[in-house]
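This report concerns only the one structure given below.
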Amino acid sequence: MVKVKRQGMKTPGDVVFTISAKDGGSHFYDYELGPVIKPAKDYLLRQFSLHIEECTYKSCVLRVTAYEVSGTKIIPIQYKPTYIYCNRNHQNTDCTQRFPENIVFQKGHTYYVGIVLVSAEGAGRICFPACLHRGYARKVDTGRIKKLSTSLALSLTGIVVKN
């Protein structure tokens with residue numbers, strides 16, 4: 001297996017999904033965040049890795065989805081999203097998970113891997129290291145995209161596909 005995308009150079013600060021007590025801890029996060037990838041070769045993705053610096057939720061669920069970027073549209077290329085279940089025990093933890101299906105990133109195409117908080121029990125926050133790598137913040141309900149110069153640290157591994 002080879003690295004399809006390295007996480008990038010760490011920057012000061014963190015990427016944080018947070019719900020405050022004044023919200024009653026019942027609202028889901030509005031934005032999906034993640035890196036933009038332009039692969040140099042064709043890859044069959046196998047797994048992703050990310051580092052969880054801190055989780056103060058009693059429990060929470062994150063969803064990871066791969067998309068292809070075509071002009072101004074972001075099209076899911078993954079039928080079954082990957083879910084990560086976290087709780088207060090996930091402090092300074094590396095999380096590596098396999099994708100539940102075959103996902104191919106093709107040379108010359110642009111892709112986005114988005115992570116969003118889909119549920120959380122109570123108020124809290126989950127923090128990831130930030131890195132210097134181009135990314136997007138996508139508003140979940142409208143699909144509006146904001147381009148970012150930094151993203152959360154996520155690495156992808158896979159197999160080079162030969163035609």
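The values are calculated or read from the model by the stated rules, or taken from the named source; none is laboratory data. Just so you know, these numbers come straight off a predicted model, no measurement behind them. Here the Cβ is made from the backbone with ideal geometry for all residues, glycine too, and neighbour counts use every protein chain on show. Remember, those area values only see protein heavy atoms, side chains included, never the ligands or the DNA or RNA. Shrake-Rupley method; radii C 1.70, N 1.55, O 1.52, S 1.80 Å.
Please tell me if ALA130 is more than 17 Å from ARG46 (Cα to Cα) and buried (at least 20 other Cβ atoms within 10 Å of the Cβ). Give the derivation first.
Numbers: more than 17 Å from ARG46 (Cα to Cα): yes; buried (at least 20 other Cβ atoms within 10 Å of the Cβ): yes.
The answer is yes for ALA130.
When GLN47 is evaluated against the numbered criteria (1) more than 17 Å from VAL140 (Cα to Cα); (2) open to solvent by 50 Å² or more (accessible area, probe 1.4 Å); (3) in contact with a strand residue (DSSP E or B) (Cβ under 7 Å, 6 or more places away or on another chain), which criterion, by number, is the only one it fails?
Answer for GLN47: the failing condition is (2).
Would the range 71-79 turn up any residue that is among the aromatic types (Phe, Trp, Tyr), touching a Leu at 6+ places or on another chain (Cβ under 9 Å) and either at pLDDT below 90 or open to solvent by 20 Å² or more (accessible area, probe 1.4 Å) (or both)?
no
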